[in-house]
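Have a look at the structure below before the remarks.
The values are calculated or read from the model by the stated rules, or taken from the named source; none is laboratory data. These numbers come from a predicted model, not from an experiment. Cβ atoms come from the backbone with ideal geometry, glycine included; neighbour counts cover every protein chain shown. In case anyone asks, the SASA skips ligands and DNA or RNA and just uses the protein heavy atoms, side chains included. Shrake-Rupley method; radii C 1.70, N 1.55, O 1.52, S 1.80 Å.
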Amino acid sequence: MSVVPAKALPRPVAAAGGAGDEAPLGPRARLWPSLAAVYRAQLSRARVARIPLLFVATFQSIGIMVMMRGVVDGGGDARSVVAGSSVLVVAFVGLNLLAQYFGQLRSSGGLDHYATLPAPAAAVVLGAAGAYASFTVPGTVVTAVFGSVLFGLPMGHLWVLAAVIPLAGAALSGLGAALGLLAPRPELATLLGQLGMSAALLLGVLPAHRMPEGVQLLRDLLPSTYGVEAFARTFDPDPAWASVLGDLTVCGAVGVASLALATWAYRRAAVR
């Protein structure tokens, strides 16, 4: 075995400014490229479950509308049922499945993998939430069209779903991710996600004026409520677009807050 003199070994490149012998760190990963990379990776992984996911989420909402058709004839109640059932598809994925995903990821040590990547915490949360929420688009559109035909509602303003889906999806996905990351056990994360989806079902699909006053207050605290209200208003013959915009603004603000909460919960879980 030959021994190489220490002087012959290559020395590490000095950092900028000539201070120290350590090599400089690489540039910090930017948010948007990291988000796009996480989104594509999550989308390819979730693609395997695409057909069952779309089937369960969509046909669950369609089945609810069929049952409600026996007790609701039309008018404002029908608008609430169709709008609530459409947004329920988003809640099933963004709130329920994402809570389960992050709960299992935390318990299995999968967060350690993401913690080693040079990706910002916001990119991990937003990328995963966006990938799961992307699968809700076809189911939400199919549910809205089916409900409009079932209850005889106009379909001229269904384009507003282009704003309702991402805003309600951000609010519900952020809440679902936060529940999964903050829950101490994956079973509790699953339970919280299912309870949240049940709340979106009962408080979003049922007409608000038929609820007790206390339940109406709880309904106002649910992130998906404002997406439901915005979509339901567009079925009016002459929609109040100012009110629609106001509901969408509130929904977007709640989405920013819930995603910020999920990002904080991710940092908290990743360092433990």
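Here region 36-190 is assigned +1 on the Cβ of each Lys and Arg and -1 on the Cβ of each Asp and Glu. Its dipole about the Cα centre then comes out at about 300 debye.
In whole Hz and in residue order, list the ³J(HN,Hα) couplings for region 264-271 that follow from phi through the Karplus curve 6.51 cos²θ - 1.76 cosθ + 1.60, θ = phi - 60°; x for Gly and Pro. Taking θ as phi minus 60°, the curve returns 5, 5, 5, 4, 5, 6, 6, 8 Hz for region 264-271. The residues of region 230-272 expose on average 51 square angstrom of accessible surface per residue, using a 1.4 Å probe on protein heavy atoms.
Helix 161-182 and the longest principal axis of the Cα set of the chain meet at an angle near 60°.
Approximating the spin labels as points 7 Å out from Cα along Cα→Cβ, the GLU213-to-TRP159 distance works out to 4.2 nm.
Only helical DSSP H runs with n ≥ 4 go in: add -39500 (n - 2.57) per run for the chain, normalise by residue count and round the 222 nm mean residue ellipticity to 500 deg cm²/dmol. Theoretical 222 nm ellipticity from helices: -23000 deg cm²/dmol.
Each Lys and Arg adds +1 at its Cβ and each Asp and Glu adds -1 at its Cβ; summed about the Cα centre, region 126-272 shows a dipole of about 580 debye.
Computed on the chain, with alpha-carbon pairs under 8 angstrom and 6+ residues apart, the relative contact order is 26 percent. For region 164-178 versus region 204-263, the spacing of their alpha-carbon centroids is 13 Å. To the nearest ten degrees, helix 121-134 and the longest principal axis of the Cα atoms of the chain are 40 degrees apart. Under a model in which nothing but the beta-carbon of Lys, Arg (+1) and Asp, Glu (-1) is charged, the chain shows a dipole of about 1020 debye around its Cα centre. Rank LEU248, PHE235, PRO186 by how far each Cα sits towards the positive end of the charge dipole of region 31-270 (+1 on Lys, Arg Cβ; -1 on Asp, Glu Cβ) and give me just the farthest. Result: PRO186, furthest along the dipole toward the positive end.
Tell me the carbon and sulfur percent of the accessible area for the chain, rounded to whole percent, probe radius 1.4 Å. Roughly 67 percent, rounded to a whole number. Spin-label model, VAL145 to SER108: label points 7 Å out along the Cα-to-beta-carbon direction sit 3.5 nm apart. Could you tell me which label, among (1) 7, 30, 36, 20, 6, 1, 0; (2) 7, 27, 29, 17, 9, 5, 3, 2, 1, 0; (3) 6, 21, 25, 23, 16, 8, 2, 0, carries the value of P(r) over Cα pairs in 10 Å bins from 0, in percent calculated for this structure? Answer label, from the structure shown: (2).
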